[in-house]
Amino acid sequence: MKIGIVGLPNVGKSSLFNLLTGTGAAADSYPFTTIDANRGMAPLHDPILESLGRLLDPQKLTPAQIEVVDIAGLIKDAHKGEGLGNRFLGHIRDVDMIFHILRGFADEGIPHVFDTIDPARDREVVLTEMALSDLDIAERRLKSKRKQADAGDEVKLLERYCKLLSEGSYGLNGSCNEEEGAFLKSIGFLMPRPRIDVLNLSDTGESPSDNETYLLSVSLEEALADFNADERRQMRIDAGLDPRGGFGLLEDALSRLNLVRFYTVKGEEVRAWTIKKGATAVQAAGKIHTDIAEGFIKGEVVNAEDLLAAGSWAEASEAGKLKVEGKDYQINNADVLLVKFR
Ligand SMILES: Nc1nc2c(ncn2[C@@H]2O[C@H](COP(=O)(O)OP(=O)(O)OP(=O)(O)O)[C@@H](O)[C@H]2O)c(=O)[nH]1
Ligand SMILES: [Mg+2]
């Protein structure tokens, strides 16, 4: 699973990428600092993993990660190729979900492509480019498909989408099922992806009353690095931001991507993984290693919450919380899975 960071130039995309992945991609005060996409892995903050670490005391605690792609800034007419727009839009085809960064911070030293700070206008500009790119694809395809007798369903789907997009309805996620979304993506559509709009604010706290966007200040997050979790939380609240900061954004992304976490304990390592909601024990085993899935005999499963409440494996087992499950067992969020395999 990959998340793409999208937005106008100079809005803080690479700064957010660095914050989430802990890397040092170039972030500078001129537009188009990023041309080639930056790719990195973002570790997922995980209080349950930390608690398992305290209980089991392994040598190594490995959080789950998600891939993040920092894409070059989009500008008006990107869909016509303006500012390498086609190439940059192309990077979006490669991701499963979008963080759309809107600039809410004012700073005279960091030029805005439209000179003024207006996140609602910026949102419209970027989403319009993505929608126009989809409409171009749809119109070209409709021309040929309308002549085909057996393409009626596709024509209907494309027409329905074109109507939504041209009405400026950008929250397309709910308006198609998974299969339709997968088809539209396979022909190059950009919009049928889960998206979170992120407003990158200054740290001085004048947040808009818009509950659709995730309120974050990348510069505040950078300044908070040396504070403890409670202090960080309080300072975000004081600044009118989401109290969870950058990690909360990833947490919301997991839920939008329908991912759950599970844990494995092997030797001296306790490790967190993500997997699609509804996945089975053998699919989870396959994430760990294909050999483990192929030789799968059984899984021993205890939910981390139960294990933590019981205080030890033995007590969890005594309380009947440790269960033996087969290949088809559906993984629940926070399951600890011990696979026996050939
Ligand atoms: N004041 C302030 N400056 C920020 C904030 N976030 C990023 N910046 C600064 O804004 C400038 C642009 O940030 P980048 O992260 O490079 O922005 P970008 O969107 O990746 O820009 P391009 O790659 O050029 O499209 C840098 O000088 C950052 O330090 C913020 O929250 N507040
Ligand atoms: Mg950048």
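Throughout, read-outs are computed from the coordinates displayed, never taken from laboratory work. Since the structure is predicted, the reported quantities are computational estimates derived from the model, not experimental observations. Note: ideal-geometry Cβ built from the backbone for every residue, glycine included; neighbour counts use all protein chains shown.
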Taking the Cα centre as origin and putting +1 on Lys and Arg beta-carbons and -1 on Asp and Glu beta-carbons, what dipole magnitude results for the stretch 259-341, to the nearest 20 debye? 300
Gap separating the Cα centres of the stretch 248-299 and the stretch 308-335, nearest whole Å: 15
Surrounding net charge for Glu300, when Lys and Arg each add one and Asp and Glu each subtract one, Cβ distance under 10 Å: +2
Can you give me the span-like helices of the chain, meaning DSSP H runs with 30 Å or more of Cα extent along the axis and Kyte-Doolittle mean at or above -1.0? 119-145
Charged-residue dipole, Cβ positions (Lys, Arg, Asp, Glu), the stretch 1-130 about Cα centre, Debye nearest 20: 280
Quick one: in the chain, what % of C-alpha pairs are over 40 Å apart? 23
Work through the residues other than Gly40 whose Cβ is under 12 Å from its Cβ and net out their charges, Lys, Arg +1 and Asp, Glu -1. 0
Per-residue Cβ contact counts at 10 Å, fewest first, order Tyr329, Tyr263 as Tyr329, Tyr263
Charge tally in the Cβ shell below 15 Å around Val155, where Lys, Arg are +1 and Asp, Glu are -1, Val155 excluded: +3
Length gained if Leu157 through Glu268 is fully extended, taking 0.36 nm per residue and subtracting the Cα-Cα distance, is 34.8 nm
I'd like to know which of Thr62, His79, Gly90 lies farthest towards the positive end of the charge dipole of the stretch 16-103, counting +1 on Cβ of Lys and Arg and -1 on Cβ of Asp and Glu. His79
For the chain, calculated [θ]222 nm from helices alone, where every DSSP H run of n ≥ 4 adds -39500 (n - 2.57): -11500 deg cm²/dmol
From the cross-link list Lys60/Lys277; Lys60/Lys276; Lys277/Lys298; Lys80/Lys147; Lys266/Lys287; Lys2/Lys185, which pairs have alpha carbons spaced over 18 Å apart? Lys60/Lys277; Lys60/Lys276; Lys277/Lys298; Lys80/Lys147
What does DSSP give for the chain in terms of the percent of beta bridges that are antiparallel, rounded to the nearest 5? 50
Determine the distance separating the Cα centre of the stretch 123-196 from the Cα centre of the stretch 96-111; give it in Å without decimals. 26
